[in-house]
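Here is the structure we will look at, set down as structure tokens.
The values are calculated or read from the model by the stated rules, or taken from the named source; none is laboratory data. Since the structure is predicted, the reported quantities are computational estimates derived from the model, not experimental observations. Note that we place each Cβ from the backbone using ideal geometry, even for glycine, and neighbour counts take in every protein chain shown. Surface accessibility is based on the protein's heavy atoms, side chains included, excluding ligands, DNA and RNA. Shrake-Rupley method; radii C 1.70, N 1.55, O 1.52, S 1.80 Å.
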Amino acid sequence: MDSNYKHITVTPLSSSIGAEIGGVNVADELSDGAIAEIRQALLDHLVIFFRDQDLPVDRHKAFTRRFGKIFIHPNYDVGQEDNETVYLIRRPGDTSVAGEKWHADTSMMNPPPLGAILYAIEVPDYGGDTVFANQYLAYETLSEGMKTVLEPLQAIHSDIRVAGPQSNVNAKRTSQVRDDADWRETVTAHPVVRTHPETGRKHLFVNPVYTLRLDGMTEAESAPILDYLYEHQHRPEFTCRFSWRPGSIAFWDNRCSIHLAIHDNPDSSRHMQRTQIAG
Ligand code: SIN
């Protein structure tokens, strides 16, 4: 356990990413000191986990606002009353789940969201874990030659594969995204190597869901470099795996980590409540 904290306990889950936070009820009005320590733990560990929480949606949003403005997800904004909260639901028979491939959330946004806070309402007895990977390490473990090649490059990020009528995702799963004719693709170029605005550390910023190609190159020309990075960026030693229980929370820094929801135990149900923090 890390003894530098006064308001919370912080127990790392692996040497590269992830720590479990204890000593707080996230639903309470937390002191500025406790929030500052939670933020520090997030910067230090990239994803932090809380167990045995009771987080009604109003308290979930109140906790989220202590870290910034709530991000409205453009593709889950489907006319519901509360567009600040997204429910990620899997039901038996779904052949796909939201987030099942490695990604940073909504990386086609400029700026990308700071992070996300995911709360488990219903989870299977086994399966349905989430895996996270540290993108500082993904960058730092590249050769100096590869770092030099990547340094000036920008990558094009788009939501064309995950929303809109052409994406064909709604037929496979309970969690629905916008697929109406008025939907428009969001596209942004981001540096392949970004500098984290709070820690000042460099990290890789590409992912196989939102990144389409390198700027100024075709998809075929970009593929050898991007495919290499997509394999490299989730080496086991960069990761941790979180097994959910009802009442668990994962809070990740979306700028310097990637994650995926494991789509196993397909006959089970899983119901998650998520907010995101604007970048
Ligand atoms: C996500 O990609 O934001 C969802 C992760 C999960 O459901 O485990």
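Quick rundown of the values:
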| read-out | value |
| --- | --- |
| Two-site label geometry, ASP129 and VAL78: point separation in nm, points 7 Å out along Cα→Cβ | 2.9 |
| Protein-only accessible surface order, largest first, of MET272, MET109, MET1 at 1.4 Å | MET1, MET109, MET272 |
| In order through region 170-178: 3J(HN,Hα) via Karplus (6.51 cos²θ - 1.76 cosθ + 1.60), integer Hz, x for Gly, Pro | 5, 5, 9, 8, 6, 5, 9, 10, 4 |
| For region 45-118: rounded, prolate or oblate by the Cα gyration tensor [a/c cutoff 1.5] | rounded |
| Sequence of LYS69, LYS6 when ordered by accessible area, the most exposed leading, probe 1.4 angstrom | LYS6, LYS69 |
| The chain - percent relative contact order, Cα under 8 Å, separation 6 or more | 35 |
| Rounded percent of accessible protein surface that carbon and sulfur make up, the chain, 1.4 Å probe | 50 |
| Listed residue (ILE89, THR188, PRO56) projecting farthest to the positive dipole end of the chain, Cβ model | THR188 |
| Computed over the chain, Kirkwood Rh from alpha-carbon pairs, angstrom | 19.3 |
| Cα extents of region 184-267 along the three principal axes, largest first (Å) | 46, 36, 34 |
| P(r) histogram, all alpha-carbon pairs of region 124-276 included - 5 Å bins from 0, percent | 1, 8, 15, 18, 18, 17, 13, 7, 2, 0 |
| Burial ranking of peptide ranges 209-219, 176-186, 246-256, 152-162 (average Cβ count within 10 Å, highest at the top) | 246-256, 152-162, 209-219, 176-186 |
| Full-extension gain in nm, ASN170 to SER269, via 0.36 nm per residue minus C-alpha separation | 33.9 nm |
| Value at 222 nm in deg cm²/dmol, rounded to 500, when DSSP H runs of n ≥ 4 in the chain each add -39,500 (n - 2.57) | -5500 deg cm²/dmol |
| Share, in percent, of DSSP beta bridges within the chain that are antiparallel, nearest 5 | 95 |
| Length added when fully stretched, THR218-LYS69, from 0.36 nm per residue minus Cα-Cα | 50.1 nm |
| Estimated FRET transfer efficiency when R0 is 45 angstrom, pair ALA62-ARG235 (beta carbons, to 0.05) | 0.75 |
